[in-house]
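Presented below is the structure to which this report refers.
Rule-based calculations on the coordinates, nothing more; no lab input. From a predicted model like this one, the values you see are computed outputs, not experimental measurements. Note that each Cβ is placed from the backbone with ideal geometry, even for glycine, and that neighbours are counted across all protein chains shown.
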Amino acid sequence: MNEMGEKSKPDIRFAGFTEAWEQHELGDVAEFNPKSTLPDSFEYVDLESVVGTDLISHRTELRPTAPSRAQRLARRGDIFYQTVRPYQKNNYLFDFPCNDYVFSTGYAQMRPSIDSRFLFSRLQEELFVKAVLDRCTGTSYPAINANDLSEIEVKVPCDKAEQIKIGATFKSLDHLITLHQREHDKTVNIKKAMLEKMFPKEGEDKPEIRFAGFSDVWEQRKLSSMADVTDTMHATAPLEDNKTQFRMIRTSSVRNGNLYSEKTDSVDEKTYTKWSDRIRLQKGDVVFSREAPIGESAVIPEDEYKYFLGQRMVGIRSKENLSPEFLNVTFLAPKFRNEVAIRNAESTTVANFGIPSIKSYELDVPSLQEQRQIGSLFTALDHLITLHQRELSKLQNMKKALLGKMFV
């Protein structure tokens, strides 16, 4: 049996293609590290410049002063394969009509004689990555040299038209993945900027950006005057193998203002009833982690689950003058995050935010109407971030599945 298996046809094919795929060494279907003369000035791409299959940065260099590793002059259709830690799959298909991009020798440069997009997608497939890792040297920084890489065998459709169709499929998927990643990152950055601008800075009583119609100063109020705070010190409840509707929230269940129900612990109804007399949660309660990671919070939604507090978690039930969504966002705002950073820096053991500190924490608070508008804005941003993340995950899983099925 050869290293890539005896199969000669993929599980999924485009209609009209039936021939067996041929086996070749990479060096037979691509020229490795072709010789070139560097231009006097060029755009340099180092190992930090490619993330996934995206070129995220490059910098202008002059030949006399450029790094010694700047040697691989790119031509359209060339593939640049990261030879150090190849499991990261930070590889790039150069598709610009330019002749002034130079890549680091940390990449093996391939100039394919077959369809570039097909070969590039093939190099991302898990079986190929495993074949590369099997030939790597080193443990912390496994690496492969170009000669060993060129000897790895791959199977290729005899018909160039099939290569092109497969390559185009993954090009479209990569394009969609990139779009959703950008939209996700853009929305995350908008949220971060709004957290900076929509809450007063230290020593100020008005934010930089406000909704129209609001001009009053924000007041400082102790949290205990605006909400009831409850915690629990009970032992971890016995967990159920079968998922139930009764869920215990732990510190890892909340991140970035959101509750992840799949990261809550499932318990039986008896356990829920036993522990939930004091720590039962309802829609609109805010949960807060008082130990590492400090200050992660979320608002309890109305869904199919019945939640209660686990260890190191605090429940906060707002009174009529405090919006739960606004309170949740307050825990993400710079003022509170700075307080968390100080506690982490000063702690010699496990940093925590005890109940007295939480109750006495002074919030910057606008009118209830303004609170609600701010809370609604960030709820909408979180919804968009979640949608993009779900779509991104779905596309990435689809690509992974097709990579396993459309190649031999």
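Points to keep in mind about this one:
- Prolate/oblate/rounded call for the range 136-293, Cα gyration tensor, a/c under 1.5 rounded: oblate
- Here the dipole of the range 17-68 is about 340 debye; that uses its Cα centre as origin and unit charges on the Cβ of Lys and Arg (positive) and Asp and Glu (negative).
- Point-charge dipole on Cβ atoms (K/R +1, D/E -1) for the chain, about Cα centre, debye to 20: 400 debye
- For the range 303-318, the Karplus equation 6.51 cos²θ - 1.76 cosθ + 1.60, evaluated at θ = phi - 60°, returns couplings of 9, 7, 9, 10, 9, 9, 6, x, 4, 6, 10, 10, x, 10, 10, 5 Hz by residue, with Gly and Pro reported as x.
- Label-to-label distance, nm, for residues given as Arg343 and Tyr87 (7 Å Cα→Cβ offset): 3.5 nm
- Between the Cα long axis of helix 269-279 and the first principal axis of the chain there is an angle of about 60°, rounded to the nearest 10.
- Rounded to the nearest 10 degrees, the angle from helix 334-346 to the longest Cα principal axis of the chain is 80 degrees.
- Size of the chain: Rg and Dmax of its alpha carbons, in Å, are 27.6, 77.
- Debye-sum result for the range 221-365 in log10 I(q)/I(0), which assumes one identical scatterer on each alpha carbon, at q = 0.18 Å⁻¹: -1.01
- With respect to the chain, whose longest principal axis is taken over its alpha-carbon atoms, helix 368-405 is tilted by about 30°.
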